[in-house]
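The values are calculated or read from the model by the stated rules, or taken from the named source; none is laboratory data. Keep in mind it's a predicted model, so treat the numbers as computed, not measured. Here the Cβ positions follow ideal geometry from the backbone for every residue, glycine too, while neighbour counts run over all protein chains shown.
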């Protein structure tokens, strides 16, 4: 059965300013990389879980609803053909010739069309996996290596924290088809939604913020590595395990992953941290630009998608002391839904498979399929950052104007994250870095920064202002973040993690008069309205319309049964967007301040509430009748997580 396409109409559009790809310094990301819709028939719910291309150029897509579609001529005139259905939430797909391998929740399945009628008529279980029924036990992959083995990753379950109640949950696994053997490869994963190889063939896995995971990140994994989350260590004593650590070896006392590695040895540090809310909130697909320049000036670098913020980041890597570290930069925003999968086509366009049901995204659509094309114009960007013992070399895509290379045009600060069982981490131990000197190197494209305070184990924010290309162009994006795991040539640098190790790293938010947690004595122990507000999956409030009397004495219990942090902020009217944008502007300080901006439009708020927790506040309803929006201001949430308090 073959279906001709119709464009799916936009049901609603809730875009943040970031997602609009507004002009930056008189430029737009669309000047360099243009987004194009791939048409989807209106009767297909194309919630992309995985995708790959067949040798004949057809795009194969599996959906979270259990279908597999073949898409001919993927673009505005795409034609769809149903290949298979009835699968169990497949979240990965890979083609080997005409064979299609799909990662269902409980197995990897081989699909074939033996009679060549366009429909799968052969389903073979390559290997199966135990399940408990926990909704969070996702399964991703498979990815084939050059030797013919395949890699998959297994999500932890969720019970108020990451749990590994099914064998090998929290692991990357390797399957040998010749020996028909499934082998544990590496552990320490929480929600490893995407993974891929770099130009050298080394494996990198993306990780999402959560318990033990301070922020999004990508990590280079080799056999036997431990990537940080202890739940999967439950199975480290099983036959075939290449890991010697045990769950009890991991505890909050280390303060940071850097200190844990120093103490334990086998703790794999992230190659690149992605600051939460600034460069994504839920890292997903990892893909290397192997187009040899047909997709722009970033050949060989990594592109990493983000599901929650509907955008793509770019990563440059280097090796220091045999281990990867590097920098992440903004690249392209404005996709229609949550970017879960990326794949290059034979046309050298980057195809983006998207889904947002239950995992809300700033793009606003429940699903989408789009492709990104390079226009042929080269943006003036930071191309890469590489570390030196006393600073950094920042290389650009074009020659730099010498007169703009001066210390005042560069701002650096460094920070780190706590390594603990709590959900996420605030940015901690922030210190500015003095720029001692700047020098334009003979290639004309590289600026050498001599910097005070080079501290291994920290993430360095590099911001630029006033820099121009030799042709007079402004930067398209003016910031990036470099993860400094080690100094070239070794050494501890300037006080590496001393403050964190001493426990002096984090400052909790101070008491806020707009978060009253005690009933006023004047109320005499009585409230007029006892309200309960809950979250639900998909970045939503369960109750979005609440009515109270003007001036009522209100007790609000905010419960969070979801698996991510949320807050409640009541605004002074129809001010949800303004408050949400102000929270996003808090940048690195956001989490430490519970994402609550200090502006008059905030009337009252809760704390940032952890999963499976609650917060109780007391306040008097406004005396003026009308509509008062409330929102969650965790980055990427306010566009969809909002409601209205109606004062009568």
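Things worth noting here:
- Against the conditions (1) in a strand (DSSP E or B); (2) surrounded by fewer than 22 Cβ atoms within 10 Å (Cβ to Cβ); (3) under 19 Å from the mean Cα position of the chain (by Cα), residue 124 satisfies every one except (3).
- Residues (over 20 Å from the mean Cα position of the chain (by Cα) and either closer than 18 Å to residue 208 by Cα or surrounded by 23 or more Cβ atoms within 10 Å (Cβ to Cβ) (or both)) located in region 559-570: 560, 568, 569, 570
- Taken as a whole, region 322-334 holds at least one residue that is part of a loop (DSSP other than H, G, I, E, B), assigned by TED's automatic domain parsing to the domain that holds residue 194 and in contact with a strand residue (DSSP E or B) (Cβ under 9 Å, 6 or more places away or on another chain).
- From 155, 198, residue being within 25 Å of the chain's Cα centre (by Cα) and over 29 Å from residue 55 (Cβ atoms): 155
- Test for residue 391: is it over 21 Å from the mean Cα position of the chain (by Cα) and at positive phi: yes
- Residue ID - surrounded by the most Cβ atoms within 10 Å (Cβ to Cβ), chosen from residues in region 251-276 that are over 24 Å from the mean Cα position of the chain (by Cα) and part of a loop (DSSP other than H, G, I, E, B): 266
- Selection from region 171-211 of residues that are assigned to a loop (DSSP other than H, G, I, E, B) and in contact with a strand residue (DSSP E or B) (Cβ under 7 Å, 6 or more places away or on another chain): 188, 189, 190, 191, 192, 193, 194, 198, 199, 202, 208, 209
- Qualifying residue in region 26-33 (condition: at pLDDT below 95, assigned by TED's automatic domain parsing to the domain that holds residue 343 and in a strand (DSSP E or B)): yes
- Total residues in region 427-486, condition part of a strand (DSSP E or B), touching a helix residue (DSSP H, G or I) at 6+ places or on another chain (Cβ under 6 Å) and crowded, with 22+ Cβ neighbours inside 10 Å: 2
- First in region 282-304 and more than 14 Å from residue 381 (Cβ to Cβ), second anywhere and modelled with pLDDT under 95 and surrounded by 24 or more Cβ atoms within 10 Å (Cβ to Cβ), Cβ under 7 Å, 6 or more apart: 282/208; 282/308; 283/208
- Checked against (1) in contact (Cβ under 8 Å) with a residue 60 or more places away in the chain; (2) over 24 Å from residue 611 (Cα atoms), residue 170 passes all but condition (2).
- The one condition in (1) under 28 Å from residue 362 (Cα atoms); (2) in contact with a helix residue (DSSP H, G or I) (Cβ under 8 Å, 6 or more places away or on another chain) that residue 553 fails to fulfil: (1)
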